[in-house]
């Protein structure tokens, strides 16, 4: 069976947690963050209508991790299967992006790959896109049709659970006593919900329309002063790169332990002034505006050139997280307007 | 564990040679077989302290040991300069792609170098000289701040100059002692007559400012951008195109370089910074 129904979340989550560690969204203030599922907890797990504020990358590429021990090498710790519930389509697409970098054939990152292979992805539909959500700009949707192990859609009387992989189908089969057939009309209800959310998302971003591909706009804006203007509000807190589910720069550093030396990987940020500096003193991004420009070029031009996809999923976490009130959509809009202006100027000169 | 790209191979510094007041060559013996191509780089770890990228200055043909010429420039290099023989190190790599020597066959190889940029050039030079008959000529134009700042003095001022098929000219920014050669930056000893540009490739390695002006000069001479090979220095850290620090446009210098043609990178901002 591919698609089944369950009226309550708890028995479903309990079944998942029987087999592996399970992480679920938990509301903290206005936002959701992930926490370990506790089957005995009194408060039930809330179905998150929007993505969490923390990025999914932390499950695959933790903030800090051991990369190597020497002079005596040690086998890395075995990664046990784990599940994450409540991921959204934007999260799924961010994993696709991280896969390009860390799981590419040449030079696979063994730590990322081990976690990726052991991750059981339980997606769920979005029903309340946030003000900062703009996934529709990058072909994202508030729901996914593939790429997950299981997908959960909330309907009036319960939850529709759909398998998207062999692992997902095996799970449903193993726990078939929990599920029933999808009631009449529930799938239609799900499709209506999806369409409504999609519509909402498009309305929220109705003004965000560009006349040219974003790649072209950013690529042709290298002499723009928009980046320096944006920099005036940036306090270099690096929150944008931390919460970004696709930013993956890391810092490799050495430590001395009692009996061995270690190499550690830790998240880094291209917003940091010394990010690209070399010992000889050269630093291509001394100026904050140049770092902001590089971040956009990386996301919308260089990554696309290299891997064929944008390095942005439009999740809006950087907008929620920015302490300076920055908004990547505003930057793109300003660049787009400038590009239009330039086009007009050119046309005038041509006349 | 060989599939862990972050795992270093253990090695030992068996000799240290003073090259100039700020530059030393470290002779490193890896515990395992370690092969590289000229122009590729390695990450040298001082255990517990940190690692930094260097292009070996020895010939890849020497499989017993590797020589790494290092200028004291930052934290890790300062610590390395304080090391003694017998120091254990870690080596990761080799990374990236080096000089496409086979594409140089039958051509004049015009090498412009400055300062510690002679380190990768020495490895290239030794590789070229090993099969010198394959190349029309090897024409070197090297600069240093003062005569004392030249590295590999013994061979540079001596045996290298006597190799048939090799033409070397040197210059210093400031003369001292018995220097009777040219005084001026390296571009002052470059001439369009040095090589037949139609059948030559240029290789440039040195401090960013020198690479910039040498490249501009070569373009002015009529060298096509695709025949100018640059050994780019960026903040290469992971070595495998992931950590992001060495991005140069869409390229990762560590994985796609460190050797690029000017044609590949000329469209990108801040390449010389």
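What the table below lists for this structure:
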read-out	value
A:211, B:148, A:109 arranged by Cβ crowding within 10 Å, fewest neighbours leading	A:211, B:148, A:109
Likely footprinting exposure, A:112, B:110, fewest C-beta neighbours within 10 Å first	A:112, B:110
Region A:3-204: translational diffusion in µm²/s, Stokes-Einstein, Kirkwood Rh over Cα pairs, 25 °C, 0.890 mPa s	136 µm²/s
Average partner coverage of B:70-79, which counts Cβ from other chains inside 10 Å	2
Stokes-Einstein D in µm²/s, Kirkwood radius over Cα pairs - the protein assembly as shown at 10 °C with 1.306 mPa s viscosity	58 µm²/s
Length-normalised contact order of chain B in % [C-alpha pairs under 8 Å, at least 6 apart]	18 percent
Orientation-averaged projected area, Cα convex hull of chain B (nm²)	14.0 nm²
Kirkwood Rh in Å, taken over region B:9-95 so that all alpha-carbon pairs contribute	12.7 Å
B:133, A:263, A:154, A:258 arranged by Cβ crowding within 10 Å, fewest neighbours leading	A:258, B:133, A:154, A:263
Gyration tensor (Cα) of region A:217-283, equivalent ellipsoid semi-axes in angstrom	31, 15, 11
Debye intensity ratio I(q)/I(0), log10, chain A, q values 0.10 Å⁻¹ (C-alpha model)	-0.69
Mean shadow area of region A:1-73 over all directions, Cα convex hull, nm²	8.2 nm²
Peptide B:242-255 - average C-beta neighbours from other chains (10 Å radius)	6
Within a Gaussian network of chain B (alpha carbon springs, distance under 10 Å), most fluctuating of B:193, B:35, B:85	B:193
Acute angle (nearest 10 degrees) that the helix B:208-221 long axis makes with the longest principal axis of chain B, alpha-carbon atoms	30 degrees
Average silhouette area of region B:1-147, convex hull of alpha-carbon atoms, in square nanometres	9.2 nm²
Shielding by partners, peptide A:292-302 (average Cβ within 10 angstrom, other chains)	2
DSSP-defined beta bridges in chain A - what % are antiparallel, rounded to 5	75 percent
Taking chain A and dividing mean pair separation by its residue count, relative contact order in percent (alpha carbons under 8 Å, at least six apart)	21 percent
Between helix A:288-297 and chain A: long-axis angle, C-alpha atoms, 0 to 90°, nearest 10	60 degrees
0 to 90° range, to nearest 10: angle between helix A:186-204 axis and chain A longest Cα axis	20 degrees
Residue A:177 versus residue B:103: modelled label distance in nm, points set 7 Å from Cα along the beta carbon direction	6.7 nm
Region A:214-345, relative contact order in percent, only Cα pairs under 8 angstrom and at least six apart counted	35 percent
Debye log10 I(q)/I(0) for region A:102-189, one point scatterer per Cα, at q = 0.23 Å⁻¹	-1.18
Mean Cβ neighbour count within 10 Å, used as a protection proxy, ranking B:219-226, B:72-79 highest first	B:72-79, B:219-226
DSSP-defined beta bridges in chain B - what % are antiparallel, rounded to 5	55 percent
Kirkwood hydrodynamic radius over Cα pairs of region A:247-351, then Stokes diffusion coefficient at 4 °C and 1.567 mPa s, in µm²/s	76 µm²/s
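No value in this document is a laboratory result; all are computed from the given coordinates. Remember, predicted model here, so these are calculated numbers, not experimental data. Neighbour counts are summed over all protein chains in view; Cβ atoms, including those assigned to glycine, are modelled from backbone coordinates with ideal geometry.
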